[in-house]
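Nothing in this text is a laboratory measurement; each read-out follows from the coordinates by a stated rule. Given the structure is predicted, the values throughout are model-derived calculations rather than measurements. Cβ: placed from backbone, ideal geometry, glycine included. Neighbour counts: every protein chain shown.
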Amino acid sequence: MSAGPTQQAPLKLQTVDLPELYARVNLPEEAAAQVVGCASALDAVAALEAGGFHLEAARLFAHLLPKRQAVWWACMCAHHTALAEPAEADRAALEAAEVWVRRQTDEVRRAAMDKAQRAGFATPEAWAAVAAFWSGDSMSPPDQPKVPPAPHLTGAAVAGAVAMAAVRGDPSRRPARLAAFLRSAREIAAGRPGRLERESA
């Protein structure tokens, strides 16, 4: 997931309708005022950051990144605030989501959802795995008629993972964490890995 060493790759972002995107992330009134007149989604992210609305900026980014990149971002954010000794269910869920990023098969996608269920849908790792599952073409069992997930569900799951990771353990770290998460998202959009090291205690 990296760009060539001498040529900057174009940003990997989904094409979105701004009013629909704002409605999707349910911007509060004060945040909505920050994005009035923004010509692009990236302008809106920058405006929200400048106004101190880092969580809202992150939620926008969750819907802007293509699904594969968005799931990877959720994994990076989860890894950044992971416990020194994570629960086995969380470790397995994160690993399953990362496997899907590298190999988008239906078998891998469904395995990610199984791991999310085992983690109780209670952690950033679990929601990264849910995001992987919702990035496929059907939510129904393999032997049943396909029921496609709504296009926004991947972004919603990623946004949940990012928000949970930002407050895990020590909510006072949320501003610094979100700033790091947004830097990571921009790197991923630019074709770079966007890796985040596990934060120190």
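Once backbone amide H atoms are built at 1.01 Å from N, Ala119 has no partners under 5 Å, excluding neighbours fewer than 5 places away on the same chain.
Return the calculated 222 nm mean residue ellipticity for the chain, to the nearest 500 deg cm²/dmol, obtained by summing -39500 (n - 2.57) across DSSP H runs with n ≥ 4 and dividing by the residue count.
-18000 deg cm²/dmol
The three principal axes of the Cα atoms in the stretch 1-193 give end-to-end lengths of 48, 41, 38 Å, sorted in falling order.
Within the chain, the longest segment free of exposed loop sites, counting trypsin sites (Lys or Arg not before Pro) that fall outside DSSP classes H, G, I, E and B and have at most 12 other Cβ atoms within 10 Å, spans 1-102. Straight-line reach from Lys67: taking Cα to Cα under 18 Å and skipping same-chain neighbours fewer than 8 places apart, the lysines in range are Lys12. A crude spin-label estimate for the pair Ala179 and Thr15, with each label 7 Å from Cα along the Cβ direction, gives 3.6 nm.
With both labels modelled 7 Å from their Cα along Cα-to-Cβ, the Ser138 to Arg192 distance reads 4.1 nm. For the pair Ala23 and Gln117, label points projected 7 Å from Cα toward Cβ lie 3.3 nm apart.
Here the Karplus curve 6.51 cos²θ - 1.76 cosθ + 1.60, taken at θ = phi - 60°, turns the phi angles of the stretch 62-73 into couplings of 4, 8, 7, 5, x, 4, 4, 5, 5, 5, 4, 4 Hz, with x standing for Gly and Pro.
Calculate, in nm to one decimal, what Glu199 and Ala33 gain on full extension: separation in residues at 0.36 nm each, minus their alpha carbon distance.
Here the answer is 56.4 nm.
Please report the net charge: other residues with Cβ closer than 12 Å to the Cβ of Leu178, K and R +1, D and E -1. Taking every Cβ under 12 Å from that of Leu178, the sum is +3.
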